[in-house]
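The values are calculated or read from the model by the stated rules, or taken from the named source; none is laboratory data. In this text the structure is predicted, and so the values were computed from the model without any measurement. Every residue, glycine among them, receives a Cβ derived from its backbone with ideal geometry; neighbour counts consider all protein chains shown.
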Amino acid sequence: MRLKYKILFPSLIISLLSTFNVYAQMDNQRPNIVLILAEDLSSRVGFAGDRLANTPNLDAIAEQSLIFDNAFTAAGVCAPNRSATIMGAHMQTLGTMHMRTSSADRLYGPGYKYEAVTPPNVKAFPELLRAAGYYVANNAKTDYQIGNPFTIWDETGSEAHWRKRPDGKPFFFYKTIGVTHESYTWPPSMNNGVESAQKDYKRNAEFDEGKTHFTDRSQIEIPPYYPDTEKVRETIGRQYDNVNMMDKMFGEVIKQLEEDNLLDNTIIIWSTDHGDGLPRAKRSLYDAGIKVPFFIRFPDGYRKNERTDEMISFVDLAATILSWAGAERPDFLQGHVIAGPSKDKEAEYIYAAADRFDGKPSKYKAVRSKRYKYIRNYMTDIPFYQHLAYRDNQPLMQSLWKGLEEGTLTQKQAAMFEPGPAEEFYDINNDPHEMNNIADDEEFIPELNKHREAMDNWIASGEDYSVMPEDELIESMWPGLVQPITLPVNFNMMNGKTFLISDTEGASIGYRTIGQNEWKLYTSPLTLDEPIEAKAIRYGYKESEISSSSD
């Protein structure tokens with residue numbers, strides 16, 4: 001089975017490229033944009049109402065911001081959601097829904113690691129910002145499931161920063177703060193000796209030396225899906241401690257913006273890459289896994305100190321940020337503009353999905369309205385909790401396994417170790433922890449049917465590559481399990497201009513003066529005063545070889 005892709009014709013490419021020239025005249029009018037995401041964290045922050053959280057820096061900026069109380073990620077795990085975020089489209093329409101593409105060999109065997117080949121007309125929104133005249137820097141995660149195409153960022157890595165941009169150029173800066181990640185909840189004192197985790201335990205021991213705030217474990221509220229044990233309290237307590245460290249790192253970014261006199265012309269978005277890095281949260285479609293704290297601070301005070309219950313998804317970020325930058329809004333975007341002068345009508349539902357995790361098969365989809373959550377399970381013979389070597393390092397998960405073995409879990413806690421129902425439906429207003437499945441309750445059948453219909457319409461609205469067995473999907477992207485190679489760049493002269501073209505459909509092109517290190521993104525025909533070299537990349541392919549205009 002071959003993937004069917006929408007073709008972007010060369011004439012349209014030339015038309016789009018010609019529009020990019022106008023952006024150079026707008027640089028002083030366009031805002032800088034900073035997107036900061038903490039990892040593996042739900043609402044354990046002060047401005048979201050958590051009484052134990054110690055987050056003074058976040059809370060101070062939140063008071064100057066528009067806070068979204070119904071923000072959701074597209075997946076309950078990082079790489080698929082990061083893909084949906086960076087492309088502005090749901091993972092299953094891109095073929096990037098599994099966690100991770102590089103882990104497929106754990107299920108299918110050697111040779112099945114891959115990078116997803118996304119539709120040729122789909123471009124990461126930072127590349128579109130770059131084409132529109134922005135300097136884009138990423139500090140520093142890049143696992144979008146498509147490799148790390150060199151055309152997406154001006155710079156990516158631990159040293160990437162807006163301070164490296166050319167003078168006067170607007171910037172987009174994307175920072176990930178990793179200290180709230182699941183792996184940071186593993187106390188060094190509970191090192192279980194698993195060889196693959198030793199680097200994380202060593203890092204955590206060093207990290208603990210810098211902590212100054214320690215949460216009172218006795219004050220932690222334990223969700224009903226966990227037993228109240230020492231290991232559970234220790235795990236959640238460490239998460240709170242790590243949140244405080246994350247808050248300090250967030251404060252450093254704000255301090256740097258203030259030092260550079262940029263706070264008054266920079267839009268700041270803060271959120272997390274999905275919910276808590278805890279069992280039944282991370283890797284799930286329950287609110288603990290996909291509902292996240294979220295605010296936007298506008299430099300002009302727009303909607304300052306305001307809260308909204310509007311439904312938003314991380315799929316909306318691409319359309320929203322592009323609109324703020326005055327950039328084109330491509331047809332492939334599936335999200336809405338959530339704030340600003342081009343704001344779209346509020347969405348009635350948001351959608352999320354979960355597929356394979358490491359070597360464990362899984363397939364769920366969810367639709368969420370303001371009051372209800374509907375989850376459809378496509379693999380009713382598989383329990384939610386399976387042994388995942390990575391997750392099993394966490395003391396909380398160890399406590400769950402021990403409780404199962406000893407028979408001390410409640411019926412609903414133990415149910416997560418059994419195959420689940422085909423449908424789950426929850427009244428979030430009256431059941432915020434999603435413990436009572438009302439899918440069989442006659443009183444809620446009208447609402448259940450509305451949500452079923454919403455999901456069916458969502459699935460029918462675009463390609464859904466999750467219906468394909470993953471080994472077939474990989475074969476369709478990498479025939480013979482061999483990564484395709486992008487065709488090299490050709491230099492074509494016309495009316496004194498040099499056009500750069502790769503015959504690989506959907507390829508992005510970069511160029512540089514021979515002898516330089518940094519690649520510029522090709523957006524329009526060039527007037528050459530000296531020889532250049534160029535290369536191309538189709539997302540999911542290998543880069544082309546380098547071509548030279550002097551050849």
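Before moving on, here are some points about what is shown:
- Selection count where residues are assigned to a loop (DSSP other than H, G, I, E, B), surrounded by 24 or more Cβ atoms within 10 Å (Cβ to Cβ) and touching a strand residue (DSSP E or B) at 6+ places or on another chain (Cβ under 9 Å), scope region 127-144: 1
- From the list GLU447, GLU463, GLU443, the one residue that fits, being farther than 17 Å from PRO224 by Cα and part of a loop (DSSP other than H, G, I, E, B), is GLU463.
- Qualifying residue in region 494-515 (condition: hydroxyl-bearing (Ser, Thr, Tyr) and without any contact (Cβ under 8 Å) to a residue 40 or more places away in the chain): yes
- Close contacts from region 118-133, counting a first residue that is among the β-branched types (Val, Ile, Thr) and a second that is part of a helix (DSSP H, G or I) and surrounded by 23 or more Cβ atoms within 10 Å (Cβ to Cβ), with Cβ to Cβ under 8 Å and a gap of 6+ residues or different chains, come to THR118/MET87; VAL122/MET87.
- Whichever residue in region 96-126 is β-branched (Val, Ile, Thr) and part of a loop (DSSP other than H, G, I, E, B) and, among such residues, is nearest to the chain's Cα centre (by Cα): THR96
- Cβ-Cβ distances below 6 Å connect the following pairs, each with a first residue in region 242-262 that is more than 21 Å from ASP167 (Cβ to Cβ), a second residue that is modelled with pLDDT under 95, and a separation of six or more residues or different chains: ASN244/HIS213.
- From PHE298, PHE314, PHE332, residue being buried (at least 22 other Cβ atoms within 10 Å of the Cβ) and not β-branched (Val, Ile, Thr): PHE314
- Looking only at residues in region 168-186 that are of a type in the set (Gly, Ala, Ser) and over 16 Å from the mean Cα position of the chain (by Cα), the one that is nearest to ASP143 (Cα to Cα) is SER183.
- Any hit, region 199-213, residues being loosely packed, with under 14 Cβ neighbours inside 10 Å, aliphatic (A, V, I, L, M) and either over 25 Å from PHE314 (Cα atoms) or modelled with pLDDT under 95 (or both): yes
- Any chance GLU434 is buried (at least 17 other Cβ atoms within 10 Å of the Cβ), assigned by TED's automatic domain parsing to the domain that holds MET379 and at pLDDT 95 or above: yes
- Hits in region 493-548 (condition: more than 22 Å from SER476 (Cβ to Cβ), among the small types (Gly, Ala, Ser) and at pLDDT 95 or above): GLY510, SER524, ALA534, SER547, SER548
- Residue that is farthest from the chain's Cα centre (by Cα), among those in region 367-412 that are in a helix (DSSP H, G or I) and of a type in the set (A, V, I, L, M, F, W, C): LEU404
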